[in-house]
Amino acid sequence: MAAYRYCEAVTALQARNFSYGIRLLPEPKRLAMSALYALARRVDDIGDGELPPERKTEQLLATRALLDEIRSGEVAEEDTDPIKVALADAARRFPVPLDAFDELIDGVEMDLRDAQYRTFEELKVYCRCVAGSIGRLSLGVYGCDDPKRGAEYADTLGLALQLTNILRDLREDAVNGRTYLPAEDLARFGCEQGFALPEPPLGADFAGLVAFEAERAQGYFEEGLRLLPMLDRRSRACTAAMAGIYHRLLGRIAADPESVLRGRVSLPGWEKAYVALSGLAGGRS
């Protein structure tokens, strides 16, 4: 189907870490995951784009309407939106919890409101919207021996990945006027000045802050990875690959906290491929 080919192209071009995992899936699941990613990418691009807030809000409302159309089962294969067509087909083939996309949109709307997070409990709500939702959507494609508990682990694993993203993007987000780490944590480590400069705030325990958040993320990785035994071999490999890439990234950040202020920390392509192959072999990285 041409719609799926479009979604696969979007995934290959823009999903730097995600694509290493979904390559390990059998074709029907790989195509469905590319459709999920393509719509998630569209939602993220709306939030991160240059349009004025009111236009972004309109586009997010249009995306909610698209989801309603898919739920109705009335999307025609001749529809001109390839992402809609592919996702509608994926939702017919797999029990994809489309309501999780509404949660993703809720999270992007928090960004549009420049939401600030006083406590970690408040931040968890945001993380579960923008990342836990993706875990639950993915589980609909993978299948799971224990759907209820599996959804909880998928949500927790998404939380671990999003915390890693927040640490990785501290400087970039600060330059764009966004701070995601809870105000209570920033105050505890003397980092209220923010991270707009390529060195830690004067007098702050920046290394202590990063160590604290990394340890928190590590705990969520350990809990979320309990999902793996509940999945079939290929879905387990896919999840292990994606989680493994972010887990290694977290380790790099913890080992050199100030690296996140100098630029975006990432893994080279060969190492991502190694992690993906390790996942296929049944390992965890």
Number of positions in segment 222-250 that are closer than 18 Å to Thr164 by Cα and in contact (Cβ under 8 Å) with a residue 12 or more places away in the chain: 15
Filter result for the condition that a residue is over 26 Å from Met110 (Cα atoms), in contact with a helix residue (DSSP H, G or I) (Cβ under 7 Å, 6 or more places away or on another chain) and surrounded by fewer than 17 Cβ atoms within 10 Å (Cβ to Cβ), over Pro229, Pro198: Pro198
Arg64 being within 20 Å of the chain's Cα centre (by Cα), of a type outside the set (Asp, Glu) and under 22 Å from Cys238 (Cα atoms): no
Extreme residue, surrounded by the most Cβ atoms within 10 Å (Cβ to Cβ), among residues of segment 85-105 that are farther than 30 Å from Lys124 by Cβ and touching a residue at least 60 places away in the same chain (Cβ under 8 Å): Ala86
Test: residue in segment 19-37 that is in contact with a helix residue (DSSP H, G or I) (Cβ under 9 Å, 6 or more places away or on another chain), in a helix (DSSP H, G or I), of a type in the set (Phe, Trp, Tyr) and in contact (Cβ under 8 Å) with a residue 60 or more places away in the chain: yes
Test: residue in segment 176-193 that is assigned to a helix (DSSP H, G or I) and of a type in the set (Ser, Thr, Tyr): no
Residue in segment 172-181 that is among the hydrophobic types (A, V, I, L, M, F, W, C) and at pLDDT 95 or above present: yes
Residues being charged (D, E, K, R) and not in a loop (DSSP other than H, G, I, E, B) - total across segment 75-107: 8
Leading residue by the ranking (surrounded by the fewest Cβ atoms within 10 Å (Cβ to Cβ)) among those in segment 113-172 that are under 28 Å from Gly194 (Cα atoms) and aromatic (Phe, Trp, Tyr): Phe120
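The values are calculated or read from the model by the stated rules, or taken from the named source; none is laboratory data. Predicted model, so just to flag it, every value in this text is computed and none were measured. As a convention, Cβ positions derive from the backbone with ideal geometry for all residues, glycine included, and neighbour counts pool all protein chains shown.
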